[in-house]
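Notes follow once the structure below has been shown.
A short reminder: the numbers here are calculations on the coordinates, not readings from a lab. Keep in mind that this is a model prediction, so the values were computed, not measured. Please note: Cβ atoms are built from the backbone with ideal geometry, for glycine as well, and neighbour counts cover all protein chains shown.
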Amino acid sequence: MAPTRRDVLLASASAAAAALIPAGAAQASNGVYQAIDEFTGGALRLEGGVLLDAPEIFDNGGAVPIRVVAEGARRIALFNDGNPNPGVAVFSFGRLVPPEATIRIRLAKSQTVYAVAEMADGTFREASQKIAVTVGGCG
Amino acid sequence: MAEPTPRVKLPRSIEAGVPFTVKTRITHPMHTGERHDSEGALVPRQIINRFVVSYGGEVAISVDLEPAVSADPYIQFQLAVPESGQLEFQWVDDDGSVYSLSKRVEVD
C-alpha cells in the first residue's frame, strides 16, 4: 500500500523529534551530569586510571555487583543515569585502605553507571559502563 | 522493620602490612522512598546512609550510601593493618540509629 499523506507527515514529525533527542535526553535524564559536577566542583574528568568492573548483562537489577579500583584515589563516587536519583555511593579511603571497593547496587532499568575518582593531586578521573538488566530493581 | 543485623567476615590469618579482604553486610530493607505498599501508600525513605570503619581510632574507610544501594547493603574492601588492634564498624540509619560491630584483629 502506498503511504498516505498522513503517514508521510507522521514520519517526518518523528524524524524531527529524533533530531532533537540530544537536548531532550539531557533534560529527561536524572541529573547525573549535574551530580557528577557537584562531586568534582565542575573540574574536567580524564578517562583512564579507574577500573569499573561490572557485568554487561545481569539478571537481577536489585543487586548488581560493582567493583571499583583507582590507584592513587582518595575518593571514588558511583553514579547512575537511569534511576530516579543519580547518586549511588561515595567511598573515602584512609591510609590503611587501598582505593578499591565492591558494592551491590540497584538499577531500575538498563543504563550507564559512572565511577568518578578524586585523585590525591586533586584531579578527577572517570570510567563508565553500560549495564543491561533483565529484571529492574524497582527503585 | 526487624532489627538490622550486621555481619563482618575477616580471613582466618592476617599478616601485618599485607592487605586482606573485609566483607561486610547488614540486613536492612533500604526503603528508597519511591515504592508503594500493597495499599498504594508511599513507603517513606529509610536507608543506611553512612558506613564507617575505624582501626585503632583512625577512620580506615567511610562510605556515603544513596537509595541506589541494594537492600542488605554489602560492601567489600581491602585493609592493611600495621599491628594487632580493634576494628570498629558503624552503620548509620536515616532514623538516627547506629548499628555497631567490633572485631579484634590479631596479626600473625
_Efficiency of FRET between B:D94 and A:T123 - r from beta-carbon atoms, R0 35 angstrom, step 0.05_ = 0.60
_Bins of 5 Å, beginning at zero and ending with the bin holding the largest distance: percent of Cα pairs per bin for the protein assembly as shown, please._
1, 6, 12, 15, 16, 15, 12, 8, 5, 3, 2, 2, 1, 1, 0, 0, 0
*Per-residue mean of other chain beta-carbon atoms within 10 angstrom of the beta-carbon, peptide B:53-61?*
4
*Go through B:38-47, A:93-102 and give me the packing order, highest mean Cβ count within 10 Å leading.*
A:93-102, B:38-47
*A:A43 versus B:L42, label points 7 Å from Cα toward the beta carbon: distance in nm?*
3.6 nm
*asked:* Can you compute the modelled spin-label distance between B:L101 and B:M1, with each label point 7 Å from Cα toward Cβ, in nm?
replied: 1.7 nm
*Roughly what percent of Cα-Cα pairs across chain B reach past 25 Å?*
28 percent
_Testing the spin-label approximation: label points 7 Å from Cα along Cα→Cβ at B:A16 and A:K130. State their distance in nm._
5.2 nm
*Taking amide hydrogens as modeled 1.01 Å from N in the peptide plane, which residues meet the under 5 Å criterion relative to B:V69, leaving out close sequence neighbours?*
A:R106
*the protein assembly as shown - charge dipole about Cα centre, Lys and Arg +1 at Cβ, Asp and Glu -1, debye rounded to 20*: 460 debye
*Give me the aspartates and glutamates in straight-line cross-link reach of B:K9: C-alpha distance below 19 Å, same-chain residues under 8 apart excluded.*
A:E100, B:D72, B:E83, B:E88, B:E106, B:D108
